[in-house]
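Q: Sending over a structure as structure tokens; questions will come in a sec.
The values are calculated or read from the model by the stated rules, or taken from the named source; none is laboratory data. Everything numeric in this text was worked out from a predicted model, so none of it was measured. Ideal geometry is used to build each Cβ from the backbone, glycine not excepted, and the neighbour counts take in all protein chains shown.
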Amino acid sequence: MVKVPETAASAPLFDYAPAPESRAIVDIRSSYGLFVDGEFVDGQGSSFKTVNPATEEVLSEVAEASDADVDAAVKAARRAHSRVWGRMSGRERAKYLYRIARIIQERAREIAVLETLDNGKPIKESRDVDVPTAAAHFFYYAGWADKLEYAVPGNGAPQSLGVAGQVIPWNFPLLMLAWKIAPALAAGNTVVLKPAETTPLTALLFAEICQQADLPPGVVNIVTGAGATGQALVAHPDVDKVAFTGSTEVGRRIARTVAGTDKKVTLELGGKAANIVFEDAPVDQAVEGIVTGIFFNQGHVCCAGSRLLVQESVAEEVLDRLKRRMATLRVGDPLDKNTDVGAINSAEQLARITELARVGEDEVGTTGGAGRWSPPCDLPERGFWFPPTVFTGVSQAHRIAREEIFGPVLSVLTFRTATEAVEKANNTPFGLSAGVWTEKGSRILWMANQLRAGVVWANTFNKFDPTSPFGGYKESGYGREGGRHGLEGYLK
Amino acid sequence: MSPTTPARASVRKTWKLYIGGAFPRSESGYSYVVNDAKGQFVANAAMASRKDARDAVQAARKAFGGWSSKTAYNRAQILYRVAEVMEDRRPQFLDAVRQSEGLGSRQATQVVDDAVDRLVWYAGWADKITQVVGSANPVAGPYFNLSSPEPTGVVAVVAPQRSSLLGLVSVVAPAIVTGNTTVVLASEERPLPAITFAEVLATSDVPGGVVNVLTGPPAATAPWLAEHMDVNALDLTGLAGDDEAAAALEASAAENLKRVLRAPAAEPDWEADPGIDRMTAFLETKTVWHPIGL
Amino acid sequence: MTASDASLRRFLHGLPGVDQVGCEARAAGLGTRSIKTTAKAQALDLAIRMVDLTTLEGMDTPGKVRALASKAMRPDPADPTCPAAAAVCVYPDMVATAKDALGDSGVHVAAVATAFPSGRAALDIKLADTRDAVEAGADEIDMVIDRGAFLTGRYLQVFEEIVAVREACARPDGTAAHLKVIFETGELQTYDNVRRASWLAMMAGGDFIKTSTGKVQPAATLPVTLVMLEAVRDFRAQTGRMVGVKPAGGIRTAKDAIKYLVMVNEVVGQDWLDPDWFRFGASTLLNDLLMQRTKMTTGRYSGPDYFTLD
């Protein structure tokens, strides 16, 4: 009904001056070793560079853990489990986790700046989301450590599994570390964690935090490296538990690797979430939810609302509003406090996004309102950048509606009835998350029932909380992280 | 010499498969000989082929929507009804168990009693499991947040090889009571109780396709089920002790990230308290958020 | 549409709903913008130019109003580059005094009329109140809607009252005082109601929509203002007519004011970043704006003793 102009004019009258967060607070060493048995040690393998994706500046040189390094870390974790951590009372374990939570809070600004430097995400996101939520996870699971007999229904005397091998992605480096380490330690396991190749720095800072907290040596071990290091960790015969967050492709490989073993596995993999907007949606909040859903963290979010399903009767209006809102997104220097969309994490990821967007352009064509659109924005010359992008006229058959792009690219599809929306939403091998926007209560609940996804956000999107179980259906993986459910994967 | 009256020839039954609520022969046309515990010929059973497995998956998928969206109360009633019908046909099950497992009458009675009781036990879980494993989550913000279990989908079950009735009921009931549908590979050498169970299902209120029963060697169908992209989970209990086969199936199952309940080292003691693990193995957790506001 | 309560209800209740949590989250998000250096200097001056410097007390006197008028014309006597405020906002009986004090300075006189703040009087009294203020020289009339009527669904009554007051704003020379319509959002309770009231007032011909009288808590908030900004944005998109927005009450610091300006900038764009289209109803805000302005120009933190108290 409401017709709005395509884009808002830019606002020269009141342009924001640069508001950079100072990076003086972080002290990045020129090189890092591995964190094994409570000490930083030189790896026996080679090393690799980690860069700031916003500038391509080399931040540090990081050890690439070899099979022998991984073995040493697993041995340290085993020793720590059998001698110290596995025997310690839950009440004592809890206090270490509380300490860690507090130190993260105290060093929040430093961690946030480091995360932004290494990852490229806007400082406001690392400051307001990643770091506080990571601290909250430790705080939450700390409290479980001495209450485990209430954690698993029917199991009044749960035991830890032993050594957990954990492999995490680059999109939320510290937060994913917290999701993995906090429940593992609370349950009495020790861990060997491999951060992503492109974002090792906050995990290494976390190693320092473990030292600062006087966590017993070997309880947490950090081995940096690429796929081979992760594979060595996952395949290590003395690992009792494998937890992985990342692509479905790698998840498959891990599931094959552990086949026939006794390893317990949690996999949190890809997604292609539908964000479904009905004609009676609270439209301004829905537009915010669409924006949050796909442009939060540059779309590097496994549960991103990458498929917008909008009811045909309001499709044009919603799109107009969305485009107008997208025009106000501030893309650029991740350290600037006013930046909404930061840098793409790596050249490799940028290439993938660029390629899929090119495919999308060919697929959707330009007729009947279909096409590719981005608001005008000046991207920095150096670094890895991709503008917020929306594809209209997308159909289920298109690759950009099926494959996880993992970037700031939204595919817009339409539907006529709730049944059609559900069919389209579920018509994917993934099943991680979904969004529903409608003001009709019974429809929300009906939709929530019908959607085959582990998380359904109704009239909101991309919300996370330590108490709230998170994880997928189908090829989005199995097991849950967060909440009481998150402990089950670390107990027997 | 007076003419002798020949003894009455028995009507021999050829055991068929149970797919989508019907009892088809194997698509392949093959059958195999089933002997009793003493090695005496009992009957021919259908040898399920990969196409039968495919049809069974299709039937299970088709049944999933209806079965999973029934009220938990209704599923409880239906499972309890199955127990009632089984109780009714105790003599038949006793014969089947004695024949298949070579048990004496007291042991066989115990097995049948346990199987019926187990069904009753699981039937009662239908409308309780959600309360036991679900949760209201106190998130740090103005949001209503609930986690509840939902069935995983189509579960392929390799049923226990030895415990042909109690073991069978103990793996099928926990899968279906929560709303999953199943393709069950019955014990290869002891399929009779499974067929009898299928006949009970067919005459109770369990919708066709919720439980599909295949007979024959696991090697003929299990790999196809493990690879099948429309199967969501795999229960390998029936491969207890066969590490190699179990590992191969688990590896195949990785292709679409099936939930896999691994084979134990030895067949479990089916008389022990089952706990809820067999239900939770085939449940997903769905978490729904909604803002709280005026 | 404006034929009956029923048809108005159908329209107003057909407007898109507002999700409270999402709306407040968006407002809070905009509130985290960091406005520094040149942008801040620009924002402070703009905010000063948008202030409706207000005194609405039973103990108001001509002396108080004259003092306020001189403050509005020259907020910082020590600094001639400091812009003037937009208007002074007074009760109708003080309009003549204010008009006299302000002369041709360009600072407007706004008068709260229509049995402000409760609005509980007969229509002819409200209209007389309005006409008195206009005759006394008011440039702007800040009226209150009948919240009782609104909350019981007598939308037509509210609508017609606004139309009538608007007619009462007319001057003999054919011009008219600008009409600001106050909702008292603290009494409307929900954002859905704020959106409906906004549309009702805009359709009835209000020139501005205004959050509050300042006499009821909560007064202006960022999310309420967000809903009203969305309403004027959508109303312009549909009708082509621009309506102004005035948050009033509770805005005391420069930091708060800048958050509002950021919101205007990002929600409706620069067209509204002008005293003709956005105002702050405030009294103590002005001094904080001045203190921050002095800090920007001198580099030192200032103190309240260096600014006039009027």
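Q: Condition first: among the hydrophobic types (A, V, I, L, M, F, W, C) and in contact with a Lys or Arg (Cβ under 8 Å, 6 or more places away or on another chain). Now tell me which residues in the stretch B:82-108 satisfy that.
A: Within the stretch B:82-108, B:ALA108 is the sole residue that qualifies.
For (1) of a type in the set (Lys, Arg); (2) away from chain B (no Cβ under 14 Å); (3) farther than 25 Å from A:ARG321 by Cβ; (4) buried (at least 22 other Cβ atoms within 10 Å of the Cβ), each residue gets a yes or a no:
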{"position": "A:ALA370", "(1), (2), (3), (4)": "no, yes, no, no"}
{"position": "A:SER374", "(1), (2), (3), (4)": "no, yes, no, no"}
{"position": "A:ARG382", "(1), (2), (3), (4)": "yes, yes, yes, no"}
{"position": "A:VAL390", "(1), (2), (3), (4)": "no, yes, no, yes"}
{"position": "A:GLY393", "(1), (2), (3), (4)": "no, yes, no, no"}
{"position": "A:ALA401", "(1), (2), (3), (4)": "no, yes, no, yes"}
{"position": "A:VAL412", "(1), (2), (3), (4)": "no, yes, no, yes"}
{"position": "A:PHE415", "(1), (2), (3), (4)": "no, yes, no, no"}
{"position": "A:ALA425", "(1), (2), (3), (4)": "no, no, no, yes"}
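Q: Okay, moving on. Residues in the stretch C:22-37 that are more than 9 Å from every other protein chain (Cβ to nearest Cβ) and in a loop (DSSP other than H, G, I, E, B): how many?
A: 1
Q: Would you check which residues across the stretch A:216-231 are surrounded by 22 or more Cβ atoms within 10 Å (Cβ to Cβ) and on the phi < 0 side of the Ramachandran plot and list them? Give the steps one after another, and end with the answer.
A: Applying the first criterion (surrounded by 22 or more Cβ atoms within 10 Å (Cβ to Cβ)) to the stretch A:216-231 yields A:218-225, A:229-230.
The answer is A:VAL219, A:VAL220, A:ASN221, A:ILE222, A:VAL223, A:THR224, A:THR229, A:GLY230.
Q: Consider A:PRO408 carefully, then state whether it is surrounded by 24 or more Cβ atoms within 10 Å (Cβ to Cβ) and within 21 Å of the chain's Cα centre (by Cα).
A: Yes, satisfied.
Q: Considering only the stretch C:38-51, I want to know if a residue exists there that is under 16 Å from C:LEU290 (Cα atoms), more than 8 Å from every other protein chain (Cβ to nearest Cβ), assigned to a loop (DSSP other than H, G, I, E, B) and touching a strand residue (DSSP E or B) at 6+ places or on another chain (Cβ under 7 Å).
A: Yes - at least one qualifying residue is present in the stretch C:38-51.
Q: Let me ask something else. Scanning the stretch C:230-257 for residues that are within 14 Å of chain A (Cβ to nearest Cβ) and not in a helix (DSSP H, G or I), which turns out nearest to C:ALA41 (Cα to Cα)?
A: C:MET242
Q: Which strands (runs of 3 or more DSSP E) sit wholly inside the stretch A:176-252 and have at least 3 residues that are over 24 Å from A:LEU432 (Cα atoms)?
A: A:190-194, A:220-222
Q: For the stretch A:89-158, list the helices (runs of 4 or more DSSP H) that sit wholly inside it and hold at least 3 residues that are within 12 Å of another protein chain (Cβ to nearest Cβ), over 24 Å from A:HIS300 (Cβ atoms) and modelled with pLDDT under 95; which are they?
A: none
Q: Between A:ILE290, A:ILE294, which is more than 30 Å from B:ALA233 (Cα to Cα), outside the structural domain of A:GLU56 (by TED's automatic domain parsing), in contact with a Pro (Cβ under 7 Å, 6 or more places away or on another chain) and not in a loop (DSSP other than H, G, I, E, B)?
A: A:ILE294
Q: Kindly list the number of the only condition in (1) in contact with a helix residue (DSSP H, G or I) (Cβ under 8 Å, 6 or more places away or on another chain); (2) over 30 Å from B:GLN131 (Cβ atoms); (3) of a type in the set (Val, Ile, Thr) that fails for B:THR14.
A: (1)
A quick yes/no check of all residues on (1) in contact with an Asp or Glu (Cβ under 7 Å, 6 or more places away or on another chain); (2) assigned to a loop (DSSP other than H, G, I, E, B); (3) within 19 Å of A:SER247 (Cβ to Cβ); (4) modelled with pLDDT of 95 or more:
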{"site": "A:VAL412", "(1), (2), (3), (4)": "no, no, no, yes"}
{"site": "A:THR419", "(1), (2), (3), (4)": "no, no, no, yes"}
{"site": "A:ALA425", "(1), (2), (3), (4)": "no, no, no, yes"}
{"site": "A:THR428", "(1), (2), (3), (4)": "no, yes, yes, yes"}
{"site": "A:VAL436", "(1), (2), (3), (4)": "no, no, no, yes"}
{"site": "A:TRP446", "(1), (2), (3), (4)": "no, no, no, yes"}
{"site": "A:ARG452", "(1), (2), (3), (4)": "no, yes, no, yes"}
{"site": "A:PHE461", "(1), (2), (3), (4)": "no, yes, no, yes"}
{"site": "A:PHE464", "(1), (2), (3), (4)": "no, yes, no, yes"}
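Okay, residues lined up against (1) at the interface with chain B (Cβ under 8 Å from one of its Cβ atoms); (2) under 21 Å from B:PRO291 (Cα atoms); (3) crowded, with 24+ Cβ neighbours inside 10 Å; (4) of a type in the set (Gly, Ala, Ser):
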residue	(1), (2), (3), (4)
A:VAL422	no, no, no, no
A:GLY435	no, yes, yes, yes
A:GLU439	no, yes, no, no
A:ILE444	yes, yes, no, no
A:MET447	no, yes, yes, no
A:LYS474	yes, no, yes, no
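Q: List pairs: first in the stretch C:293-304 and of a type outside the set (S, T, N, Q), second assigned to a helix (DSSP H, G or I), Cβ under 6 Å, 6+ apart or cross-chain?
A: These pairs meet every condition: C:ARG293/C:LEU44; C:MET296/C:ALA41; C:TYR301/C:LYS295.
Q: Restricting to the stretch B:245-261, and then to whatever is within 8 Å of chain A (Cβ to nearest Cβ) and of a type in the set (D, E, K, R), can you tell me which residue is surrounded by the most Cβ atoms within 10 Å (Cβ to Cβ)?
A: By that ranking, first place goes to B:GLU250.
Q: Then there is this: Given (1) in contact (Cβ under 8 Å) with a residue 24 or more places away in the chain; (2) farther than 28 Å from B:ALA175 by Cα, identify the lone condition not met by B:PHE64.
A: (2)
Q: Please determine whether any residue of the stretch A:351-361 is within 14 Å of chain C (Cβ to nearest Cβ) and either crowded, with 19+ Cβ neighbours inside 10 Å or among the charged types (D, E, K, R) (or both).
A: No, because not a single residue in the stretch A:351-361 is within 14 Å of chain C (Cβ to nearest Cβ) and either crowded, with 19+ Cβ neighbours inside 10 Å or among the charged types (D, E, K, R) (or both).
Q: Here's another thing I want to ask about it. Pick from B:GLY238, B:GLY208: which is more than 10 Å from every other protein chain (Cβ to nearest Cβ), crowded, with 22+ Cβ neighbours inside 10 Å and farther than 21 Å from B:GLY134 by Cα? Give the steps one after another, and end with the answer.
A: Numbers: B:GLY208 fails: crowded, with 22+ Cβ neighbours inside 10 Å.
Every option except B:GLY238 fails the conditions.
Q: The conditions are (1) closer than 13 Å to C:LEU286 by Cβ; (2) touching a residue at least 40 places away in the same chain (Cβ under 8 Å); (3) surrounded by fewer than 24 Cβ atoms within 10 Å (Cβ to Cβ), and C:ARG74 fails exactly one of them. Which is it?
A: Result: C:ARG74 passes all but (2).
Q: To continue, here is another question. With respect to A:ASP284, is the statement that it is crowded, with 24+ Cβ neighbours inside 10 Å and of a type in the set (Asp, Glu) true?
A: On the way: crowded, with 24+ Cβ neighbours inside 10 Å: yes; of a type in the set (Asp, Glu): yes.
Answer is yes for this residue.
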